[in-house]
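For reference, the structure discussed in these notes is given below.
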Amino acid sequence: MSILVIGATGTIGSLVTQGLADAGAEVKALVRQTGKRAFAAGVTEVVADLTDVPSLRAALSSVRTLFLLNAVTPDEVTQALITLNLAQEAGIERVVYLSVIHADRFTNVPHFTGKHTVERMIESHGIAATILRPAYFMQNERMVQQTIQDYSVYPMPIGSAGVSMVDARDIADVAVAELLRRDRASAPLERITLDLVGPQALTGASVAKIWSAALGREIAYGGDDVAAFEAQMASFGPAWLAYDMRLMMAGIQQFGMTSEGTVDRLQAILGRPLRSYGAFVREAVAGE
């Protein structure tokens with residue numbers, strides 16, 4: 001029996017697939033078309049689409065443990081609920097689902113509320129799952145790195161409430177640990193929820209200072225204007241996604257993205273310190 005990784009070609013999913021393969025697990029990577037990404041030796045590609053029930057049903061056969069990561073799309077909830085229903089149909093009782101931190105609090109943000117709906121299904125159907133709730137990914141900053149370096153401005157309107165950004169590599173490592181824990185257990189384990197955060201709460205001003213230190217010149221914080229942020233996002237992406245991100249940033253300014261007491265728990269799972277934002281920025285500037 002194998003571990004099926006859904007979302008295997010993305011930032012987190014590819015790291016999870018590699019981590020499982022390194023641990024000697026039997027891994028299947030779900031892809032919509034073969035050859036999109038090179039996987040580690042021993043990883044089996046399985047071609048399926050999350051809205052194509054026959055192909056997904058076939059992909060879930062002979063699977064013991066499931067990692068479910070849905071991209072932010074207009075039909076994200078449909079994809080997730082179909083997948084979990086078919087997983088139950090296939091007798092899969094070991095699941096790790098990638099949600100988002102404060103999914104129950106950011107109630108007007110489409111992709112947050114969508115993931116909370118999936119969490120509710122997991123709970124109401126008694127699915128033996130680990131629900132991972134990551135905060136804002138450090139790797140998202142790669143999208144604005146050129147802007148920071150060219151214009152000396154940090155443009156993400158994250159405000160001052162505090163955001164414990166988390167490194168994607170730490171997210172993946174926790175996901176791998178939970179998948180292996182569930183897969184190797186003699187029976188399905190109880191459901192748990194884990195917030196995934198970085199080691200420090202960041203603000204727009206403190207992030208700008210970290211970039212300033214790494215670049216050796218002053219980087220300013222661009223401010224809290226979420227309307228301007230939406231307009232910028234919409235200039236190179238779908239309008240629905242730009243608006244979703246605007247609502248998320250407004251929620252971050254209002255509620256923050258932190259989780260008390262979580263750092264020690266995560267470091268115990270990993271057996272090492274969490275990666276810091278400063279270390280991430282230094283790697284990004286060095287081109288690593």
Among the residues listed as Ala41, Ala8, the single one being without any contact (Cβ under 8 Å) to a residue 24 or more places away in the chain and not charged (D, E, K, R): Ala41
Filter result (small (Gly, Ala, Ser), outside any helix (DSSP H, G or I) and either under 17 Å from Phe112 (Cβ atoms) or under 25 Å from the mean Cα position of the chain (by Cα) (or both)) within the range 223-245: Ser235, Gly237
Residue tally, condition part of a strand (DSSP E or B) and exposed (fewer than 15 other Cβ atoms within 10 Å of the Cβ), over the range 185-204: 1
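Anything in the range 118-144 that is polar (S, T, N, Q), surrounded by 15 or more Cβ atoms within 10 Å (Cβ to Cβ) and in a helix (DSSP H, G or I)? List them, or say none. Quick ask: steps written out before the conclusion?
Initially, the range 118-144 is screened for residues polar (S, T, N, Q), giving 124, 130, 139-140.
Those still in the list that are surrounded by 15 or more Cβ atoms within 10 Å (Cβ to Cβ) too: 130, 139.
Passing the criteria: only Gln139.
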Single unsatisfied condition, Ser61 versus (1) among the hydroxyl-bearing types (Ser, Thr, Tyr); (2) closer than 30 Å to Ala250 by Cβ; (3) not in a helix (DSSP H, G or I): (2)
Given (1) of a type outside the set (Val, Ile, Thr); (2) in contact with a strand residue (DSSP E or B) (Cβ under 9 Å, 6 or more places away or on another chain); (3) surrounded by fewer than 17 Cβ atoms within 10 Å (Cβ to Cβ), number of the condition Ala41 does not satisfy: (2)
Which numbered condition Ala279 fails, given (1) of a type in the set (A, V, I, L, M); (2) in a helix (DSSP H, G or I); (3) buried (at least 18 other Cβ atoms within 10 Å of the Cβ): (3)
Filter pass, Val5 being within 28 Å of Asp167 (Cβ to Cβ), among the hydrophobic types (A, V, I, L, M, F, W, C) and part of a strand (DSSP E or B): yes
Residue in the range 246-256 that is aliphatic (A, V, I, L, M), out of contact with any Pro (no Cβ under 6 Å at 6 or more places or on another chain) and not in a helix (DSSP H, G or I) present: no
Unique residue being crowded, with 18+ Cβ neighbours inside 10 Å, modelled with pLDDT of 95 or more and outside any loop (DSSP other than H, G, I, E, B) when the list is Val100, Val96: Val96
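The values are calculated or read from the model by the stated rules, or taken from the named source; none is laboratory data. On a predicted model such as this, the values are computed, not experimentally measured, just so you know. Counting neighbours? That spans all protein chains shown, and the Cβs are built from the backbone with ideal geometry, glycine included.
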